[in-house]
Amino acid sequence: MITSIQSGPSRSTDHEPAFSLPPDVIFVTVEDGSARLLDMAGRFHAVPPVGALMLQETLARGPEGAANRVAREYDVEPRQVQNDLAVFLRELEDRGLLCRQRNRQRWRRPATGLARLFLRPALAAIHRMLRSPEPKARALLGLARISFALFGWTRTIAVWKEAHARFPSRPPCESDEQTVRAVDQAVRAAAAGHLFEVECKERGLCCWALARAAGLDAALVVGIDLFPLTGHCWCEVGQWALSDDQDRCAYYSPVGRW
């Protein structure tokens with residue numbers, strides 16, 4: 001059972017954390033003390049209980065506080081923990097699963113501006129020029145694939161949400177089922193013969209964009225299955241799951257909604 005989910009910088013307010021999760025990484029702790037690191041670029045990692053405690057305490061209290069907490073928990077010398085912790089944190093940094101807070105701020109701003117410069121006009125053009133559902137879905141799928149490849153999960157979602165904010169939206173009702181099903185079918189048909197190999201992230205984002213353009217509230221959901229460790233992404237509009245079968249989506253525990 002999942003016990004907590006964290007992404008982005010620590011919520012601690014007593015000091016500036018030395019380390020932070022990169023924008024595209026989600027840290028999920030599990031009832032047995034272990035954890036999962038979800039890199040939204042597509043790589044998921046299992047972390048044993050001692051590593052989960054090290055990372056959780058580092059994010060909240062910094063390396064020194066983490067070493068002291070782990071030393072008390074396992075009744076070992078803090079110096080021994082400090083050495084192991086330094087190796088562990090360096091490995092996470094090398095894999096792009098952890099970053100120093102000062103580097104996170106420098107990394108974020110320029111690329112987000114570039115994403116806006118490229119994606120917002122492209123999305124506006126697709127919605128303005130393409131009226132038929134399947135060609136529009138095909139174009140959005142291609143743009144989603146390029147977006148994730150160039151800008152990653154967090155920037156892509158942020159800019160797509162900005163670009164679709166101009167569409168009025170409302171909660172769906174039973175009479176919207178036909179519209180929702182039409183969106184789902186258009187995306188499935190477009191994905192089946194697409195030039196790019198599109199995955200669940202692209203299909204879910206495409207459904208989300210079409211639902212928003214149709215005036216409906218929608219959410220992009222990421223879920224995981226712990227055993228074995230797998231992830232999935234889909235779009236939700238009210239009671240309906242789009243871009244995949246409802247029964248399949250129900251197997252995954254949601255860890256994030258956008």
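The values are calculated or read from the model by the stated rules, or taken from the named source; none is laboratory data. Just so we're clear, the structure is a prediction, and the values are computed from it rather than from any experiment. For neighbour counting, all protein chains shown are included, and Cβ atoms are generated from backbone atoms with ideal geometry for every residue, glycine included.
A compact table of results
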| quantity | calculated |
| --- | --- |
| Of the criteria (1) in a helix (DSSP H, G or I); (2) farther than 16 Å from Thr112 by Cβ; (3) in contact with an Asp or Glu (Cβ under 9 Å, 6 or more places away or on another chain), which one Pro172 fails | (1) |
| Filter pass, Leu123 being modelled with pLDDT of 90 or more and either surrounded by fewer than 17 Cβ atoms within 10 Å (Cβ to Cβ) or assigned by TED's automatic domain parsing to the domain that holds Ala158 (or both) | yes |
| Condition check for Gly42: closer than 30 Å to Ala144 by Cβ, exposed (fewer than 15 other Cβ atoms within 10 Å of the Cβ) and at pLDDT 85 or above | no |
| Residue within region 16-24 that is among the hydrophobic types (A, V, I, L, M, F, W, C) and either under 25 Å from Ala149 (Cβ atoms) or modelled with pLDDT of 90 or more (or both) present | yes |
| Only listed residue being crowded, with 20+ Cβ neighbours inside 10 Å, touching a Phe, Trp or Tyr at 6+ places or on another chain (Cβ under 9 Å) and within 22 Å of Ile26 (Cα to Cα), chosen from Leu59, Leu85 | Leu59 |
| Close pairs from region 126-138: first crowded, with 20+ Cβ neighbours inside 10 Å, partner charged (D, E, K, R) and at pLDDT 95 or above, Cβ under 7 Å, at least 6 apart | Ile126/Lys136 |
| Subset of region 161-187 (residues that are within 16 Å of Glu236 (Cβ to Cβ) and either in contact with a Pro (Cβ under 9 Å, 6 or more places away or on another chain) or surrounded by 14 or more Cβ atoms within 10 Å (Cβ to Cβ) (or both)) | Lys161, His164, Ser169, Pro172, Asp176, Glu177, Thr179, Val180, Val183, Asp184, Val187 |
| Failed condition for Ala192, given (1) over 18 Å from Trp258 (Cα atoms); (2) surrounded by 19 or more Cβ atoms within 10 Å (Cβ to Cβ) | (2) |
| Single match in Ala67, Ala52 (criterion: surrounded by 19 or more Cβ atoms within 10 Å (Cβ to Cβ), closer than 20 Å to Gln101 by Cβ and without any contact (Cβ under 8 Å) to a residue 40 or more places away in the chain) | Ala67 |
| Criterion: closer than 17 Å to Ala139 by Cα and part of a loop (DSSP other than H, G, I, E, B) - qualifying residue of Leu205, Leu195, Leu210 | Leu195 |
| Residue check for Arg203: closer than 18 Å to Trp258 by Cβ, in contact (Cβ under 8 Å) with a residue 60 or more places away in the chain, buried (at least 18 other Cβ atoms within 10 Å of the Cβ) and touching a helix residue (DSSP H, G or I) at 6+ places or on another chain (Cβ under 8 Å) | yes |
| Condition check for Ser243: more than 24 Å from Gln6 (Cα to Cα), touching a residue at least 40 places away in the same chain (Cβ under 8 Å), polar (S, T, N, Q) and buried (at least 21 other Cβ atoms within 10 Å of the Cβ) | yes |
| Residues satisfying the stated conditions in region 103-117, i.e. in contact with a helix residue (DSSP H, G or I) (Cβ under 8 Å, 6 or more places away or on another chain) and either modelled with pLDDT of 95 or more or hydrophobic (A, V, I, L, M, F, W, C) (or both) | Ala111, Leu114, Ala115 |
